[in-house]
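Below is one structure, written out as structure tokens, with a few remarks after it.
The values are calculated or read from the model by the stated rules, or taken from the named source; none is laboratory data. What you see is a predicted model; the values in this text were computed from it and never measured. Quick reminder, even Gly has a Cβ in these numbers, built from the backbone with ideal geometry, and neighbours come from all protein chains shown. Note: areas computed on protein heavy atoms with side chains; ligands, DNA, RNA excluded. Shrake-Rupley method; radii C 1.70, N 1.55, O 1.52, S 1.80 Å.
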Amino acid sequence: MEGNLMLGFLVFFPMLGAGISYLIGRKNETSRDYAADVVVTLEFAAMLYVAFLLRRAHGISGSVEHAFGYDPFVFRIPEFCGMGMNLAAYSGFRVLYGLVASFMWLLSTLFSREYFAAYKNRNRYYLFMLVTLGATMGIFLSADLYTTFIFFELMSLTSYVWVAHDEKADSLRAAETYLAVAVMGGLVMLMGIFLLYHTTGTLTMYDLYEICDGIMRGTGAECEAQRRELYIAGTCMLFGFGAKAGAFPLHIWLPKAHPVAPAPASALLSGILTKTGIFGILVLSCNIFLHDGKWGTLILITGVMTMVLGAVLALFSVNLKRTLACSSVSQIGFILVGIGMQGLLGEENGLAVRGSLLHMVNHSLFKLVLFMAAGVVYMNIHKLDLNEIRGFGRKKPLLHFIFLMGAMGIGGIPLWSGYVSKTLIHESIVEYAEALRTGHIQQGILNAGAVKGIEWIFLISGGCTVAYMLKLYAALFIEKNNDSGLQEKYDAMGRTYMNKVSAASLTAGALLFPLMGVLPGVIMDRIADMGEDFMGSFSEGTTRYFSIENLKGALVSVLIGTFLYLVLIRKWMMKKEENGTIYVNRWNKYWDLEEAVYRPLLLRVLPMIFGVICRILDSLLDGIVVLLRKTIYKDSKIPHELEEGNFFTHVIGMGMDRIVCLLNATIWKKAPHKAEYEHRLAMKHEELAEDGTIIGRSLSFGLLLFCTGLILTLVYLLWM
């Protein structure tokens with residue numbers, strides 16, 4: 001091991017703590033809970049210490065002053081998995097997201113103690129929760145894409161247990177979808193990593209920028225071929241990172257996994273694990289395709305589709321946690337729009353850089369608070385349908401405040417933190433459209449009119465956010481339950497619905513949103529400064545967040561959201577019944593992308609097509625072999641060849657026939673048996689030989705041998 005041991009501590013200490021807490025939990029569950037609290041608290045404290053060291057060495061932005069390998073904020077384990085494991089904290093962005101992750105794990109773990117009080121398999125949950133923390137820190141601190149991949153796959157496998165925790169049919173099916181998307185994404189990502197290494201000769205993020213910049217700017221046939229390879233490799237890795245981020249069309253696991261996962265796990269899945277995917281996309285966008293218009297357009301279009309689809313899904317949902325999950329898809333789309341604008345705006349991408357970074361942080365914290373607030377509802381009444389939880393939050397002022405802060409923040413309401421990040425992304429779109437109109441930036445695939453259309457899609461999606469959060473807020477805290485007896489039960493809970501530790505955890509998170517929103521220049525600008533170096537941008541000057549132009553964009557979204565709530569939700573998604581109005585699920589089950597397309601395609605259509613192709617090829621090859629044996633390679637008798645069988649069947653058969661003759665003359669004299677064993681053994685030999693020949697020359701046998709060889713090769717590599 002080489003370098004700063006504190007970085008190794010941040011990754012491996014939670015994994016060690018996971019094993020210790022598991023052993024403690026087998027003896028005493030209360031002690032296990034406290035042990036887990038100690039682990040996440042020390043992790044957060046260690047991350048604060050690293051942040052302090054980085055600021056003292058480089059300043060608040062944490063700028064890179066040394067090449068990788070000479071910076072003091074580096075940790076290595078040489079030859080780990082062949083290529084070594086490399087961690088680094090030489091940029092403010094890595095430290096920032098290490099702080100966000102450890103802070104969220106701290107609050108989530110404190111809340112878990114009360115939430116899991118009536119759950120089974122708690123020991124297993126804490127084990128995998130802490131291992132996932134270490135893997136997640138490994139991703140954000142990884143200095144090369146090989147290390148990123150190792151921890152990425154480890155995180156996917158350990159977080160699978162969160163989704164499957166309940167072990168119910170819905171949970172297991174959602175976990176199956178989650179793992180399938182993660183595995184396919186990981187395999188495609190690995191292919192992209194191989195291609196990138198073949199093209200550049202390195203996977204170190206710091207070195208990739210200079211090498212790829214030279215390829216992208218170079219001329220000639222060789223550079224053109226290398227650029228094609230870079231785009232192919234980047235697209236493959238985008239597939240893998242986008243799958244974890246929840247980007248369209250790989251978002252299908254998010255709406256399925258969150259409703260069935262425990263609320264603390266949902267908060268981390270949505271708030272942090274999706275950001276590991278965004279981290280990977282940022283690595284691609286800022287180290288390989290920095291300021292590349294084509295790449296920026298791809299990310300922008302992906303972001304727009306993700307943003308709109310998630311917003312529509314959330315509008316239609318009548319399940320509390322599913323709505324928040326679909327909201328995560330939409331907010332990931334907002335972040336991707338910001339990342340796309342970074343590439344399109346080139347060196348003038350300061351607004352897009354700061355907006356996408358701040359919305360990453362905002363969304364992490366929003367979903368921490370909102371999912372834990374949903375967890376408070378579920379752990380009290382074990383229901384999530386809006387018609388059943390309706391009115392739960394009435395006469396619960398603290399929960400009311402906590403949820404309202406999260407709703408106002410994610411809705412982009414002025415004076416809350418979400419307004420700041422959404423405003424920056426919106427202004428970057430406006431800036432790009434104006435630059436295209438005036439000719440300041442050369443037009444690419446999108447013209448000024450198309451960008452103006454994207455601006456309106458952005459504002460409408462923001463309006464959808466206001467509408468579905470208003471739906472949840474009204475259902476929980478304004479409307480009364482149609483069952484008066486149930487409403488009385490909700491109202492009678494008093495303060496018993498949440499203990500003091502959970503209340504303190506949720507309140508601490510909720511207070512951040514107005515504090516950050518009221519003081520954007522003091523808090524949010526400093527947060528944005530920490531990430532600019534990682535994204536290759538250094539802004540000058542300050543943004544007038546509360547100017548009339550910026551407030552106008554937020555006001556448009558609020559008006560659109562209010563209209564959608566009053567007309568679409570109240571008039572169409574609700575209907576009157578004898579005992580009051582109810583929320584109606586208007587989403588057609590046949591619109592489910594997974595059930596309508598992916599599962600039929602992957603489980604039925606493609607296996608059938610490839611099965612038919614393989615059978616045709618197998619039969620074709622067998623036919624060619626038979627034809628050759630009957631013509632060119634026709635069998636010919638050799639001198640003294642036996643008429644049937646071989647030497648062994650001849651000798652053994654003759655011996656058995658003579659034994660039969662002897663028995664016929666003595667014991668079997670009254671009922672003699674036929675002596676035909678020589679012929680029988682010869683026929684059996686011919687049958688086995690023919691079968692062996694057909695099998696040995698078939699395509700199926702060749703594939704079987706190939707797979708066996710591949711498995712043995714992998715075992716050898718792992719053993720070595």
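Observations on the model:
- Applying both filters, DSSP loop and at most 14 other Cβ atoms within 10 Å, to the chymotrypsin sites (Phe, Trp or Tyr not before Pro) of the range 110-193 gives 119.
- Here the chain yields Rg over Rh of 1.12, to two decimals, using C-alpha coordinates and the Kirkwood radius.
- Contact order, relative form, for the range 111-209: 26 percent (alpha carbon pairs under 8 Å, 6 or more residues apart, mean separation divided by residue count).
- Electrostatic dipole magnitude of the range 154-254 [Cβ: Lys, Arg +1; Asp, Glu -1; Cα centre; debye, to 20]: 160 debye
- The range 133-186: GluC sites (Glu not before Pro) falling in loop per DSSP and having at most 11 other Cβ within 10 Å: 167
- Surface composition of the range 312-428: carbon and sulfur atoms hold 61% of the protein heavy-atom accessible area at a 1.4 Å probe.
- Here the peptides 371-378, 446-453 are ranked by packing, the mean other Cβ count within 10 Å, and the order with the highest first is 371-378, 446-453.
- For the chain, with +1 on Lys and Arg beta carbons and -1 on Asp and Glu, the positive-most of 101, 579, 305 along the dipole: 579
- Using C-alpha pairs below 8 Å separated by at least 6 residues, the relative contact order for the chain is 11 percent.
- Distance between the range 360-389 and the range 474-508 - C-alpha centres, whole angstrom: 12 Å
- Per-peptide average of other Cβ atoms within 10 Å, ordering 493-499, 286-292, 330-336 highest first: 330-336, 286-292, 493-499
- Label separation (residue 548 vs residue 228): 5.5 nm, computed from points 7 Å beyond Cα along the C-beta direction.
- Positive minus negative residues near residue 434 (Lys, Arg vs Asp, Glu; Cβ under 15 Å): -3
- Segments 28-38, 354-364, 340-350 sorted - mean Cβ within 10 Å per residue, highest first: 354-364, 340-350, 28-38
- Once the 1.4 Å probe is applied to the protein heavy atoms, the chain comes out at 46 Å² accessible per residue.
- In this structure, residue 210 and residue 628 have a Cβ-Cβ separation that, at R0 = 51 Å, corresponds to a calculated FRET efficiency of about 0.35.
- Vicinal HN-Hα couplings computed from phi for the range 261-274 (Karplus, 6.51 cos²θ - 1.76 cosθ + 1.60; Hz; Gly/Pro x): 6, x, 4, x, 5, 4, 4, 6, 4, 7, x, 10, 5, 5
- With a cut-off of 12 Å between beta carbons, the residues surrounding residue 677 carry a summed charge of +1, where Lys and Arg count +1 and Asp and Glu -1.
- Fully extending the segment from residue 191 to residue 708, taken as 0.36 nm per residue of separation minus the present Cα-Cα distance, adds 184.0 nm.
- Between helix 606-630 and the chain: long-axis angle, C-alpha atoms, 0 to 90°, nearest 10: 20 degrees
- Computed E for residue 118/residue 401 - FRET, C-beta separation, R0 35 angstrom, nearest 0.05: 0.85
- The charge dipole of the chain, taken about the Cα centre with unit charges on the Cβ atoms of Lys, Arg (+1) and Asp, Glu (-1), comes to about 2420 debye, rounded to the nearest 20.
- Cβ-Cβ FRET estimate between residue 582 and residue 605, R0 fixed at 35 Å, reported to 0.05: 0.35
- Interchain or long-range residues, amide H under 5 Å from residue 144's placed H: 86, 205
- Note on the range 248-385: with charges restricted to the Cβ of Lys and Arg (+1) and Asp and Glu (-1), its dipole about the Cα centre is near 420 debye.
- CD proxy at 222 nm, helix term only [per DSSP H run n ≥ 4: -39500 (n - 2.57); per residue of the chain; nearest 500]: -23500 deg cm²/dmol
- Length gained on full extension, residue 26 to residue 618: 207.6 nm, using 0.36 nm per residue less the C-alpha separation.
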